[in-house]
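Read the structure below first, then the notes.
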Amino acid sequence: MGVKLLLEKAHVEGIRTYEVYRREGGYRGVEKALKTMGPESIVDEVKKSGLRGRGGAGFPAGMKWSFIAKPEGVPRHLVCNADESEPGTFKDRYLMEFLPHLLIEGLIISSFALGSNDTYIYIRGEYAWIVDILEQAIDEAKANGFLGKNILGTGFNCEIHVQRGAGAYICGEETALIESLEGKRGNPRIKPPFPAIQGVWQRPTVVNNVETLAAVVPIINMGGEEYAKIGVGKSTGTKLMSACGNINKPGVYEIDMTISVEEFLYSDEYCGGIANGKRLKACIPGGSSVPILPANLLLKTAKGETRYMNYESLSDGGFATGSMMGSGGFIVLDEDQCVVKNTYTFARFYRHESCGQCSPCREGTGWMEKLLYRLEKGQGKISDIDLLWDIQRKIEGNTICPLGDAAAWPVAAAIRHFRDEFEWHITNAAEAQTRNYGLAHYADEIHVPTP
Amino acid sequence: MIKFSETQLTEFNRLVARYPEGKQKSALLPVLHLAQDSFGGWLSSDTMDYVAELLNIKPIEVYEVATFYSMYNLKPVGKYMFEVCQTGPCMLRGSDDIIAYIGETLGIKPGETTADGLFTLKTVECLGACGYAPMMQLGKYYREHLTKEKVDSIIAECRNIAATNN
Ligand SMILES: Cc1cc2nc3c(=O)[nH]c(=O)nc-3n(C[C@H](O)[C@H](O)[C@H](O)COP(=O)(O)O)c2cc1C
Ligand code: SF4
Ligand code: FES
């Protein structure tokens, strides 16, 4: 069993309630932080911990916090990003549903560190029942003196408000989220100014992911240095992975980032192997927008070394032969699945979610969807593959926000690694309507030339 | 006449009070949810104008938002809306078959409502339940690990509730 810092208590009966959470040692972090540490030393501990943002980009959390502007007389805000809409990702939901007080505790400590008296949780609108769970936890924390006015007699005031979104993946992008929090369409803002300088209502704002803010609790309890000893290199601490697709045990797992991809995928402690006795064909290890990898590049790097479940190892090889940790949405495809169809559903998703502000993203996502639909239906031409490649290249890097890149990468990686499957959909169009391409050579041992 | 009841107004005031003075527009998304739930499951232009008036903003500011977000319905929907996820992870676990089965059983295509006004079938994109696929949203809650049998019993359950409420 690996180290569990977040989900250790997830199965304790009644842990959703304040009483049980408190009895199990909850809110000790708030007591320690507010009574014995100042805001600066909390930021220092988070810096020392090496914690990287868990929302997808992996930016160091302590560093992000230290950027917040502190103009005299202007309120600052912490906003918790609970929009969680990246296909394959459902870890924040799990954390909020089963351990609401862990998030609230993390939010209180982080609000104190940043000087936020009004903190907002922006949660995707579809998680409607989780709003009730969070509001109940907030009420309980308040009734016990951990929220509200003069918390623990320290003079610190803090309220946490839960705001529902209304169905828009783009509102997970931090500036779109801020626009949405202001009651507007979720159109990302042009940066700079960065939210740390001008965020919600033009006030300095920090936006962090649910898991990032929950991880602040163990960091404060154990100290940043101890936290940093868990994991490897710049992948410190533990990471929540949500695993789905054709595996025996889909679900949310907390991993110590030293385990191999093979162990995560095949051991009974985690995914439990491929479902129905099938073989592994491909995997998207970090949510729909990260590059898909064929089986042989997933378990080993192009150099033939074991691939591990951490930021560095998953991206080993760059886009040519690697992928990314992203948001931790681990999507597994068995030998019967069609990569073209899977890619088509993602293209449709990004077209649907593009906010429409930039032409490359607005037009490009729609065009890619149409081409992939055509290919999937066996009506494509060989030139469509090159056209797709060309379109994704023209979106990437040419847009206001990274949704453009997120739409381009899955298409690029699918063509890069599965080009022959795309071609087969064209050359064997009729057959492609009755069966899938299969495992082909995608699990073959990689031949590494010895120098 | 579109008008919130006393209890709905109390909720409205609670929502607005969460934002700083003068930033009441920030409450627009939650207030539109409240309005949709209160006035028949969709947002008519009368409803949107009423929300604009309550928040002291221009109607166009409400229309902009209502048309941007996928959870707001701009036309009437059935009493029970089956919002079935069709994105990759759900597709890998057979969501296409579930969507087709619901369509056949209810005699409607995605986007349509049954003649009796009871059911709407809608395909949606990832709802954050990929590990429990195939799945759908029904009202406030998710129904997960869907099978044909499960779909049958959900339909029966909805028909029962509708019959006892009539
Ligand atoms: C299109 C798009 C969608 C995003 N969705 C989410 C999301 O659902 N949840 C999240 O925490 N971050 C999301 N992000 C990343 C946020 O912009 C931001 O980097 C993150 O909330 C910062 O938190 P962290 O530093 O704690 O990871 C998204 C980014 C983009 C470009
Ligand atoms: S990249 Fe796409 S989603 Fe992002 S701002 Fe441009 S159009 Fe909107
Ligand atoms: S893909 Fe269906 S819930 Fe995520």
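Among rounded, prolate and oblate, which fits chain B when a ≥ b ≥ c are the square roots of the eigenvalues of its C-alpha gyration tensor, a/c under 1.5 means rounded, and a/b larger than b/c means prolate?
Values: a/c = 2.32, a/b = 1.80, b/c = 1.29.
Taking the square roots of the gyration eigenvalues as a ≥ b ≥ c, chain B is prolate.
Of all the C-alpha pairs in segment A:1-147, what % are more than 26 Å from each other? Write down the numbers at each step before the final one.
On the way: 2794 of 10731 pairs.
In whole percent, the share of Cα-Cα pairs in segment A:1-147 beyond 26 Å is 26.
Could you grab the relative contact order for chain A? Cα pairs under 8 Å, six or more apart, rounded to a whole percent.
Values: 922 pairs, mean separation 70.9, N = 451.
So the answer I get is 16 percent.
Under the Kirkwood approximation applied to all pairs of distinct alpha-carbon atoms, what is the hydrodynamic radius of the protein assembly as shown in Å?
Details: mean 1/r = 0.0398 Å⁻¹.
For the protein assembly as shown, inverting the mean 1/r across all distinct Cα pairs yields 25.1 Å.
What aspartates and glutamates sit close enough to B:K58 to cross-link, taking a C-alpha to C-alpha distance under 19 Å and skipping anything fewer than 8 places away on the same chain?
A:E179, A:E182, B:E21, B:D46, B:D49
Strictly over 31 Å apart at the Cα level, which of A:K191/A:K300; A:K234/B:K140; A:K142/B:K25 would you flag in this model?
Numbers: A:K191/A:K300 38 Å; A:K234/B:K140 40 Å; A:K142/B:K25 26 Å.
Violating the 31 Å limit, Cα to Cα: A:K191/A:K300; A:K234/B:K140.
Is there a pair in A:K184/A:K394; A:K239/B:K122; A:K377/B:K109 whose C-alpha atoms are over 31 Å apart, and which pairs would that be? Display every interim value, and only then the final one.
Details: A:K184/A:K394 29 Å; A:K239/B:K122 34 Å; A:K377/B:K109 20 Å.
Distance filter (> 31 Å) returns A:K239/B:K122.
How far is helix B:59-68 tilted off the main Cα axis of chain B, in degrees rounded to 10, range 0 to 90?
The two axes meet at around 20 degrees.
Based on the alpha-carbon gyration tensor of segment A:391-451 and its eigenvalue square roots a ≥ b ≥ c, which shape applies: rounded if a/c is under 1.5, prolate if not and a/b is larger than b/c, or oblate? Don't jump to the answer; show the numbers that get you there.
Values: a/c = 3.09, a/b = 1.30, b/c = 2.39.
Oblate, since a/c reaches 1.5 and b/c is not below a/b.
How many percent of the alpha carbon pairs in segment A:82-241 exceed a separation of 29 Å?
On the way: 2385 of 12720 pairs.
For segment A:82-241, the share of Cα pairs beyond 29 Å comes to 19 percent.
Which lysines, if any, have their Cα less than 25 Å from the Cα of A:K149, not counting same-chain residues under 8 positions apart?
Straight-line reach from A:K149, under 25 Å: A:K32, A:K35, A:K70, B:K23.
Considering amide H positions built from the backbone, and no H for Pro or chain starts, which residues 5 or more places from A:G231, or on another chain, come under 5 Å of its amide H?
Long-range HN contacts for A:G231: A:G237, A:M257.
Sort by residue number and report every cysteine in chain B with no other cysteine beta carbon within a distance under 4.7 Å.
B:C126, B:C158
In vacuo Debye scattering of segment A:352-411, one point per C-alpha: log10 I(q)/I(0) at q = 0.21, 0.22, 0.26 Å⁻¹?
For the requested q values the scattering log ratios are -0.73, -0.79, -1.02.
Hey, for a label at B:R159 modelled as a point 7 Å past Cα toward Cβ, could you say which residues of segment B:91-109 have their backbone N under 20 Å away?
B:98-109
Using DSSP H assignments, which helices in chain A have an axial alpha-carbon span of 30 Å or above and a mean Kyte-Doolittle hydropathy of -1.0 or higher? Don't jump to the answer; show the numbers that get you there.
Working: long enough: A:403-427 (32 Å, -0.02).
Qualifying helices, which must be both long enough and hydrophobic enough, are A:403-427.
Could you check the simple spin-label distance between A:S383 and B:E64, using points 7 Å along Cα→Cβ, in nm with one decimal?
4.2 nm
For A:R76, what residues show an amide H to amide H distance below 5 Å, using hydrogens built from the backbone and excluding near sequence neighbours?
Excluding prolines and chain starts, which carry no amide H, the hits are A:N117.
Taking the Cβ of A:A69 as the centre, find all other residues whose Cβ is under 10 Å away and add up their charges (Lys, Arg: +1; Asp, Glu: -1).
On the way: positive: A:K70, A:R76, A:R203; negative: none.
Counting the neighbours of A:A69, the net charge comes to +3.
Using a/c under 1.5 as the rounded threshold, could you call segment A:1-68 rounded, prolate or oblate? The axes a ≥ b ≥ c are square roots of the C-alpha gyration tensor eigenvalues, and prolate needs a/b larger than b/c, oblate otherwise.
Values: a/c = 2.61, a/b = 1.44, b/c = 1.81.
Oblate shape, in that a/c is at least 1.5 and b/c is the bigger or equal ratio.
Using a cut-off of 10 Å between beta-carbons, work out the net charge of the residues near A:L147 (Lys and Arg +1, Asp and Glu -1, A:L147 not included). Could the numbers behind the result be given before it?
Values: positive: A:K142, A:K149; negative: A:D139, A:E140, A:E159.
Local charge sum for A:L147: -1.
Read-outs throughout are calculated quantities, based only on the coordinates presented, and are distinct from any laboratory measurement. These numbers were taken from a predicted model, which means no experiment stands behind them. For neighbour counting, all protein chains shown are included, and Cβ atoms are generated from backbone atoms with ideal geometry for every residue, glycine included.
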